[in-house]
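The structure appears below as structure tokens.
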Amino acid sequence: VRRAAIALLVALLVLPGPATAFAATCPRTSLADLEDEVMCQVCGVPLGMANDTLQAKRERAFIKRLVAQCNTKDAIKTELVAQFGPSVLAEPPHHGFDATAYLVPAIMVTFGAAGIASIGLAWRRRGAQGSTASRGATPVLDPADRERVDAALERWEP
Amino acid sequence: LSTAPPQRGALRERSRFAVPAALGALALLALLAYGVVSIRDDRSLDSAVAAGKRRPAPRMSLPALGGAGNRSLDSYRGKVVVVNFWASWCPPCREEAPLLESWQRRLTARGGTVVGVDVLDVTGDALSFAKEIGITYPLVRDRDGSSAHDFGVGGYPETVVIDRRGRVAAIQRGPVDDRFYAEKVVPLLRERS
């Protein structure tokens, strides 16, 4: 009786664990979660944006099968790449002309930062020059103006 | 008061930013133009065939569908090869496949073959399709459609006929029929390599 009780206790403790865990983790992802991250290659748009074209339908059915088999999102993506090649992922390739999708934003950010920095420096320099001039630098007058000012000063007697 | 020096300075300051900005904009435009041109469909094979010229077929070496190893188009040199691009999810391909199978029986006796290129498809689905139709001709798998792209394939099914010297002799953008076989394939079977 004691052995049976222990066995029952062990069974109660051990058996529901994996079953509950399985129920909690399966399915691990969904079609909706993947649709924006993979392409319908025939349509040339992400699967989420593809209408009910034949390839899109087949791809969705394939993903649903993999989801039902309790695969993770990464495992499904790996399987999709194995079936359809890397271009099935909705991200530009890292080589060839498509690599510009990564390069151009990086170059733009670099140039933008350099532009902002140089505008800032120029603005600061101009500000410094302006304050020096207002602090006591003699304004430059051309000779004709200087003569007119001198004549006016001579005429002016308080 | 003299105002000339500050104006010149401001202009210099402005051009210091304007020139690199204009160059950057031009570079972006050039990149955009190149991108648009490079993704345009290549129809040069069609133009050559329409002009009666035979251009060498693009190179193609693909894994056998459901089997081991690669099959190359070069290995069929000396034969007339009917290259059919298909997918199991394409209904017209399903309708066309029995006809291609009947061609295969006629071609093998006369130094020719059909080669089926399964494009952008799930291997299991493609194998079920082949089993269901009873396809006996060689099948290869173009998983990402890159070889199909080299042949200018834009839809499914499409068929390209290659002569015994490895040159593109005929193209059908859409399903084939027996008239196509009689007019485009049979004359090639009479040619020597």
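Since every read-out is calculated from the coordinates, none of them should be taken as a lab result. Note that the coordinates shown come from a computational prediction; the quantities given were computed from them, not determined experimentally.
Which percent of the Cα-Cα distances in the stretch A:26-122 go past 15 Å? Numbers along the way, then the final one.
Numbers: 3106 of 4656 pairs.
Roughly 67 percent, once rounded to a whole number.
With N set to the number of residues, divide the alpha-carbon radius of gyration of the stretch B:97-146 by 2.2 N^0.38 Å and report two decimals. Walk me through the numbers on the way to the answer.
Working: Rg = 11.6 Å, N = 50, 2.2 N^0.38 = 9.7 Å.
Relative to the 2.2 N^0.38 Å estimate, the stretch B:97-146 comes out at 1.19.
Can you give the convex hull volume of the alpha carbon atoms of the stretch B:46-151 per residue, in Å³?
113 Å³
Cα atoms only: what Rg and Dmax, in Å, come out for the stretch B:55-117?
Considering the stretch B:55-117 through its Cα atoms, Rg and Dmax are 12.5, 32 Å.
Regarding the stretch A:21-76, what is the average projected area of its C-alpha convex hull, in nm²? Walk me through the intermediate numbers first.
Values: hull surface 14.5 nm².
Computing the convex hull of the Cα atoms and averaging its projections yields 3.6 nm².
Given a cut-off of under 8 Å on Cα pairs at least six residues apart, what relative contact order in percent is computed for chain B?
Values: 272 pairs, mean separation 48.2, N = 193.
That works out to 25 percent.
Report, in cubic angstrom per residue, the convex hull volume of the C-alpha atoms of chain B.
So the per-residue hull volume is 178 Å³.
Determine Rg/Rh for the protein assembly as shown; Rg is computed over alpha-carbon atoms and Rh is the Kirkwood hydrodynamic estimate from the same atoms.
Radius of gyration over Kirkwood radius for the protein assembly as shown works out to 1.32.
Just to be sure I understand: with springs between alpha-carbon atoms less than 10 Å apart, which residue in B:L45, B:L99, B:L23 has the highest mean-square fluctuation in the Gaussian network model of chain B?
Greatest mean-square fluctuation among the candidates belongs to B:L23.
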